[in-house]
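Read the structure below first, then the notes.
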2 protein chains.
Amino acid sequence: MRAEVAAIAGDLMLERGYERTTVEDICAAAEISRSTFFRYFPSKEDALFGLTLDAGEDLREALVARPDSETPWTAMRRALDPLIEKYEADDERVRLLTRLVVTTPALLARHQEKNARWHELLRAEVSRRLGADPDDRADPRVDALVGASLACVHAALTAWTTGERPGVKLSVILDRAMDAIA
Amino acid sequence: MRAEVAAIAGDLMLERGYERTTVEDICAAAEISRSTFFRYFPSKEDALFGLTLDAGEDLREALVARPDSETPWTAMRRALDPLIEKYEADDERVRLLTRLVVTTPALLARHQEKNARWHELLRAEVSRRLGADPDDRADPRVDALVGASLACVHAALTAWTTGERPGVKLSVILDRAMDAIA
DNA sequence: TCAAATCTGGTACTGTGTCTCATGTTTGGA
DNA sequence: TCCAAACATGAGACACAGTACCAGATTTGA
């Protein structure tokens, strides 16, 4: 049911844009009340993000699984592989939705808020790999490393979604992005 | 006048937090109407950001002024010097306001929206330095480089504002952040 | 079959942001 | 000095997101 409403919301937003789709529009199309909508989703943005399951914990586990011999940067890149593969495996609709997110300021803001949660999840492991004090808030290296990695993901997603239809593979784009820095 | 309202807004938000300060509260304290408030500032968030002048164009010019012999990463780091100095020179109030921004999701989102504008301004010059096609949307290197730099700035600001009062200099923190990556 | 738990819809409310219209208030000539 | 155009301000209505509370329906399990 939740998934069904999310699908309808996605359709409407792809068709008319995010701002020009009101919650009432979605409710009318899904034949539910406003009350029920907000019982399903804490906010209008989440009607979109609800589809893509939260991969933060998977990402953390993938990072932990990387050998210590890898630099933090390389380990991050490899830990991202499963996530990237998931994007590549998904159908065109996911790519269009991702583009909508990347190009709509309000959605992008919420997306980065989600990324901030990933960021938190990854801090401990990156900190360990750097041999840093996890509680030392004056050490910016952990946040810099994680933030820069996620910035590369964002750059790659932007390039991937705004480019031509049969474009370069996302994994290759991400390689280019991350190699350009470290 | 605008600056005065912004100062009052800052006071209230520092005292009671961002969400718990309504536009009406600010209007009452500043003795203006809601209409006038929204004529001064396009949104509640901007009552805070209105204080700090937009340094995006300065940043771009500073980057252009760096010699071509520097790598893009180094050039970015050096171009950030004037901005960093400005932060360090400002009084304690600016540091508290910055902390408020960094720790309040809604404000952070808007702040990153501003950064996205900086990002756009810097694209052309970074693209030139990389010898990339500025219109090639499939090349993620430019966005990755700029995004990662700004992520480092964010990491540094977070460390700087949440740390102890007579902490490490911001420029040193930023060095640590950017050196940790490239 | 009954009763508790859950799902749903309705209504009223707060808060941000937009819009329009009616007052002032300033400014710059004649 | 007076008039008029430009401008700033305030008031009110509105759209929309999100919250809180309550009442009725539906399901679930003993």
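The values are calculated or read from the model by the stated rules, or taken from the named source; none is laboratory data. As the structure is a prediction and not an experimental result, all values here were calculated from the model. Positions of Cβ are generated from backbone atoms using ideal geometry, with glycine treated the same way; all protein chains shown enter the neighbour counts. When the accessible area is computed, the model is the full protein with side chains, heavy atoms only, and any ligands, DNA or RNA have been set aside. Shrake-Rupley method; radii C 1.70, N 1.55, O 1.52, S 1.80 Å.
Scan region B:9-24 for residues that are more than 15 Å from DNA strand D (Cβ to nearest atom) and open to solvent by 30 Å² or more (accessible area, probe 1.4 Å) and jot them down. Of everything in region B:9-24, those that are more than 15 Å from DNA strand D (Cβ to nearest atom) and open to solvent by 30 Å² or more (accessible area, probe 1.4 Å) turn out to be B:ASP11, B:LEU14, B:GLU15, B:ARG16. The set of residues in region B:1-54 being more than 11 Å from DNA strand C (Cβ to nearest atom), among the hydrophobic types (A, V, I, L, M, F, W, C) and touching a residue at least 60 places away in the same chain (Cβ under 8 Å) consists of B:LEU14, B:PHE49. Within the group B:ARG77, B:ARG39, which residue is surrounded by fewer than 19 Cβ atoms within 10 Å (Cβ to Cβ) and of a type in the set (Lys, Arg)? None of the others qualify; the one that does is B:ARG39.
The residue that is nearest to the other protein chains (Cβ to nearest Cβ), among those in region B:143-166 that are open to solvent by less than 10 Å² (accessible area, probe 1.4 Å) and over 30 Å from B:ARG93 (Cα atoms), is B:ALA144.
For region A:42-69, the candidate set comprises residues that are within 8 Å of DNA strand D (Cβ to nearest atom) and in contact with a helix residue (DSSP H, G or I) (Cβ under 6 Å, 6 or more places away or on another chain); within that set, the residue that is nearest to the other protein chains (Cβ to nearest Cβ) is A:GLU45. For region B:93-102, the criterion of being touching a His at 6+ places or on another chain (Cβ under 8 Å), free of Cβ contacts under 8 Å to residues at least 60 places away in the same chain and away from DNA strand D (no atom under 16 Å from the Cβ) is met by at least one residue. The residues of region A:125-182 that are more than 20 Å from B:TRP73 (Cβ to Cβ), without any contact (Cβ under 8 Å) to a residue 24 or more places away in the chain and assigned to a helix (DSSP H, G or I), listed by number, are A:SER127, A:ARG128, A:VAL172.
What number of residues within region A:124-142 are more than 9 Å from chain B (Cβ to nearest Cβ), open to solvent by less than 40 Å² (accessible area, probe 1.4 Å) and out of contact with any Pro (no Cβ under 7 Å at 6 or more places or on another chain)? Residues flagged as more than 9 Å from chain B (Cβ to nearest Cβ), open to solvent by less than 40 Å² (accessible area, probe 1.4 Å) and out of contact with any Pro (no Cβ under 7 Å at 6 or more places or on another chain) within region A:124-142 amount to 2.
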